[in-house]
Amino acid sequence: MPRRRAERRGLRLWHVWIVLPLAFITAIAIAAGVFFAGWDLLGARELRPERRIDSKTLFDLVKLSFTVVAGAGALVALVVAYRRQQIDRDGPSRPATLVMTSSAAAEGVRVAGAGYGPAPGG
């Protein structure tokens, strides 16, 4: 058990499949709270039912649906960008990343001909 804890010292992020539903639920709860607060502040008590809708109402529904889809996409983009930033910030401190970058830098120096000693194969 202590060994497993030592391995997870670096970056501690929740799984994306947990974070995204929580973000959506939070966004829906905030939107519902704002809607009902506005409903109460305006003093509305009921809706007037309509059997037919006009073109203005139809276009408003279409705009609303596109706005909801765009908002969901923006929420996903924010979560992914935040996670990517956290991973990039933690990246250089990981031992595997340090080994790869130092060996790649050494390879670049050797390929450029600035390495020490004779070239391999020659």
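Residue-level check: of (1) assigned to a helix (DSSP H, G or I); (2) open to solvent by less than 100 Å² (accessible area, probe 1.4 Å); (3) not charged (D, E, K, R), Ile53 misses just (1). Among the residues of segment 26-49, not one is touching a residue at least 24 places away in the same chain (Cβ under 8 Å) and assigned to a loop (DSSP other than H, G, I, E, B).
Here's the yes/no breakdown for (1) of a type in the set (Phe, Trp, Tyr); (2) at pLDDT below 60; (3) surrounded by 10 or more Cβ atoms within 10 Å (Cβ to Cβ):
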| site | (1), (2), (3) |
| --- | --- |
| Asp60 | no, no, yes |
| Thr67 | no, no, yes |
| Ala70 | no, no, yes |
| Leu78 | no, no, yes |
| Arg89 | no, no, yes |
| Pro92 | no, no, no |
| Met100 | no, yes, yes |
| Glu107 | no, no, yes |
| Gly122 | no, yes, no |
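The values are calculated or read from the model by the stated rules, or taken from the named source; none is laboratory data. Every value quoted in this text rests on a predicted model; they were computed, and no experiment measured them. As a convention, Cβ positions derive from the backbone with ideal geometry for all residues, glycine included, and neighbour counts pool all protein chains shown. Remember, those area values only see protein heavy atoms, side chains included, never the ligands or the DNA or RNA. Shrake-Rupley method; radii C 1.70, N 1.55, O 1.52, S 1.80 Å.
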